[in-house]
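The values are calculated or read from the model by the stated rules, or taken from the named source; none is laboratory data. Given the structure is predicted, the values throughout are model-derived calculations rather than measurements. Glycine also receives a Cβ, built like all others from the backbone with ideal geometry; neighbour counts cover every protein chain displayed. We work out accessible area using only protein heavy atoms, side chains counted, and drop any ligands, DNA or RNA first. Shrake-Rupley method; radii C 1.70, N 1.55, O 1.52, S 1.80 Å.
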Amino acid sequence: MRRPVLRCSLVAFSALALLAGGIAPAEAKPGHHPPPGGGRVTEKVPVAYGYGGAVASVDPEATAAGLSALRSGGNAVDAAVATAAALGVTEPYSAGVGGGGYFVYYDARSRTVQTIDGRETAPAAMPRDAFIDPATGSKHEPYRFTPELVTSGVSVGVPGTAATWDRALDRWGRHSLGQNLRPAITIAERGFVVDPTFRQQTLDNRVRFEAFPATAALYLPNGDAPAVGSVFRNRDLAATYKTMARKGAGVLYRGPIADEIVAAVQNPPKSPTTTLPVPKGFMTKADLARYRTKDQAPTHVRYRDLDVYSMAPSSSGGTTVGEALNILDTQRLSSMSTGQALHYYLDASALAFADRNAYVGDPAYVDVPTRTLLSQRFANARACQIPADTRLVTPVAPGDLSARGCTTAVSAGQNEVGRSTTHLVTSDRWGNVVSYTLTIEQTGGSGMLVPGRGFLLNNELTDFSAVYAADDPNRIEGGKRPRSSMSPTIVLRDGRPFLAVGSPGGSTIITTVLQTLVNRIDLGMTLPEAVAAPRASLRNTDTVTAEPTFIDAYSSALKPYGYILKPSGDAFTSAAEIGAVAALEFKRDGMVQAVAEPTRRGGGSAGVLHPAR
């Protein structure tokens, strides 16, 4: 007798999520075609339906590049590399060959999910006190996070993006790296149209970019960010891509380009007029030459009879999203009120983050209890700590890995804030799927452009804990991969793809992916609604970081539980947004629905190879 009422309540909840948040449902256009002859693509289509393969990303030029790879006979891996390379042109402050990322792949032939860890690594000679400011003397205090640490050579990790492309294509691709780079080379040479997001991100980083003459010359011509509607070209990056196309991805790890990367890190090419200290880094040519990606098994949990796969450590995404899903699997969210369902989502996030912070790091350096963190037994011991009628008092302590019953949650330390990245998803006519998150960390990375090469270097090592502690799994160590929150995810239903999802957003990536899955699987939303719905993130802090639209929509429903909702937005961005999802859903009739953000980051772009009528 309750089911008809429940169905109505879920529809109402879905509408509330969109309308009370001030976000209109995205218009479902049938498809997305790049124009003939390599012309500029500016239309952003957030939802597309069709067959033969699909791409979703934050940028229409990048999505068109991926579709071009599919159209020329490439598979999902080729499309992912082509899309990522184009994002290095059009989204240079979030991605590029100066960074790293995580690649999750579903192989239709074997029906298996496999992953590549392309995370940046610390230089071998990086000392444990690398982030301690020598100017503080005997106090041994770390550099201020911003602007000193984020704008530095000491924060630059050995990049892994180019090596990831090379490894993915070698294992699963149909086209060469050179062929997949062609669309990005075209975009870099002819230019793309500047939108308000690109201009604002440039202005947000103005002081940092002005610290480096090469960066300022490219991104601040005549002392100002490129105007909205103008055409922005990056011929140096086009030349770098052409070199990679001829000689392979190894040119970034050996030879002149590698030498120039090392020179920039060890002696940052800063302006003599900048007031920023720009500390020097420790990277050497040997660090670049010895860099390798890692092939590894994904994380896996069962949730509502679905198989959820994501990235294992060094990323904390798979373990944290997986643990939170296991906690939520003890409850029937679909039968709850809006406020109660959100309450369990928030507290499950807090508990999983407490365990992430205590136990997860690079498994080559830390004994990470991945199996325990993803076990239902451990999740049950954590789930019973969530009170039914009030919130957890956060921050809470990590769970006892040997616990077999319910234990009382106690307070613990705070968690770090999040930052920027980008995400893309692709599929092909053979049924293969890619979910790929890549980054240069900060919006604008370290701020340092490799002179004459057209790409920014990452500041990924800021993901390490600033102060060394022997019991910290994320402590600084030479050669180590810093802990990440990237959570590229693929969900299978009966062994076949159902969803592919991921997002940028620093540590909010984890909660963004989790909330999107809960919205779609539990709360009756369509995938476009699940992506557009207002977001909130509780990362084991005393307050909930929430978009203003979420506060408007749900503050009343959450008030009885005692949560303190704090508006999102920080010193690094003018936008009060959490994440920027790109996702795919695979229908039982073979149709695929590609979904990008309708408004966040200026809106994303989705496309399919053969649009449905």
Listed residues Thr599, Pro548, Leu609: farthest to the positive end of the dipole of the range 537-613 (Cβ charges): Leu609
Largest-first principal axis extents of the Cα set of the range 268-397 (Å): 61, 38, 24
Gap separating the Cα centres of the range 313-385 and the range 508-545, nearest whole Å: 14
Candidate residues Trp172, Trp165, Trp430: accessible-area rank, largest first, probe 1.4 Å: Trp430, Trp172, Trp165
Radius 10 Å from Cβ of Asp195, net charge of other residues (Lys, Arg +1; Asp, Glu -1): +2
Principal axis box of the range 82-209, alpha-carbon based, largest edge first, Å: 60, 38, 22
Cross-link partners of Lys587 among lysines (Cα-Cα below 22 Å; sequence separation of 8 or more within a chain): Lys29
Difference of contour (0.36 nm per residue) and Cα-Cα distance, Ser271 to Thr136: 46.2 nm
Charged-residue dipole, Cβ positions (Lys, Arg, Asp, Glu), the range 405-546 about Cα centre, Debye nearest 20: 340
The chain: calculated mean residue ellipticity at 222 nm from DSSP helix runs of at least 4, using -39500 (n - 2.57): -9500 deg cm²/dmol
Positive dipole terminus of the range 197-279, leading residue within Phe232, Thr274, Leu220 (C-beta point charges): Phe232
Accessible carbon and sulfur surface of the chain relative to its total accessible area, %, 1.4 Å: 52
Solvent-accessible area per residue, Å², over the range 334-486 with all protein chains present [probe radius 1.4 Å]: 31
Per residue value of the accessible surface for the range 31-149 (all protein chains in place, 1.4 Å probe), Å²: 31
Pair-distance profile P(r), taking every C-alpha pair of the range 458-506, with 5 angstrom steps and integer %: 4, 18, 19, 15, 12, 11, 10, 8, 3, 0
Gained length - Ala297 relative to Asp389, 0.36 nm times residue gap less alpha-carbon distance: 29.2 nm
P(r) of the range 346-398 over all Cα-Cα pairs, binned every 5 Å from zero, in whole percent: 4, 18, 30, 22, 13, 8, 3, 1, 0
Taking the C-alpha atoms of the range 199-345, convex hull volume expressed per residue in Å³: 233
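How do 438-450, 348-360 rank on mean C-beta neighbours within 10 Å, highest first?
Details: 438-450: 29.0, 348-360: 26.2.
Going by the mean number of other Cβ atoms within 10 Å, highest first, we get 438-450, 348-360.
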Volume per residue that the Cα convex hull of the range 519-565 spans, once the total is divided by residue count, Å³: 90
Fraction in percent of alpha-carbon pairs per bin - 20 Å, the chain: 22, 58, 20, 0
Where N is the number of residues in the range 348-494, Cα Rg divided by 2.2 N^0.38 Å: 1.27
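Which value, to two decimals, describes the C-alpha radius of gyration of the range 489-549 once divided by 2.2 N^0.38 Å?
Values: Rg = 12.5 Å, N = 61, 2.2 N^0.38 = 10.5 Å.
Ratio of Cα Rg to 2.2 N^0.38 Å: 1.19.
Semi-axes of the range 493-596's equivalent ellipsoid from the Cα gyration tensor, sqrt of 5 times each eigenvalue, largest first, rounded to whole Å? Could you put the intermediate results ahead of the total?
Values: eigenvalues 149, 47, 27 Å².
Over the Cα atoms of the range 493-596, the ellipsoid semi-axes are 27, 15, 12 Å.
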The range 156-262 - convex hull of the alpha-carbon atoms, volume per residue in Å³: 126
Mean accessible surface per residue for the range 504-613, computed with a 1.4 Å probe while every protein chain stays in place, in Å²: 32
Label point distance in nm, Arg190-Ala289, each placed 7 Å from Cα along Cα→Cβ: 4.1
Global form of the range 73-131, assessed from the alpha-carbon gyration tensor, a/c cut-off 1.5: oblate
Spin-label proximity, Glu43 to the range 598-613 - amide N less than 18 Å from point 7 Å beyond Cα toward beta carbon: 598-599, 603-613
Peptide ranges 586-597, 219-230, 500-511 listed from the most packed, as the mean C-beta count within 10 angstrom indicates: 500-511, 586-597, 219-230
Ordering of 514-526, 235-247, 92-104 by packing [mean C-beta count within 10 Å, highest first]: 92-104, 514-526, 235-247
Neighbourhood net charge (10 Å Cβ-Cβ; Lys/Arg +1, Asp/Glu -1) for Ala239: +1
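Counting only C-alpha contacts under 8 Å and six or more residues apart, can you give the relative contact order of the chain as a whole percent?
26
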The range 420-542 - Rg and Dmax from Cα coordinates, angstrom: 17.4, 51
Cα coordinate range in the range 186-241, projected on the principal axes (Å, largest first): 30, 23, 16
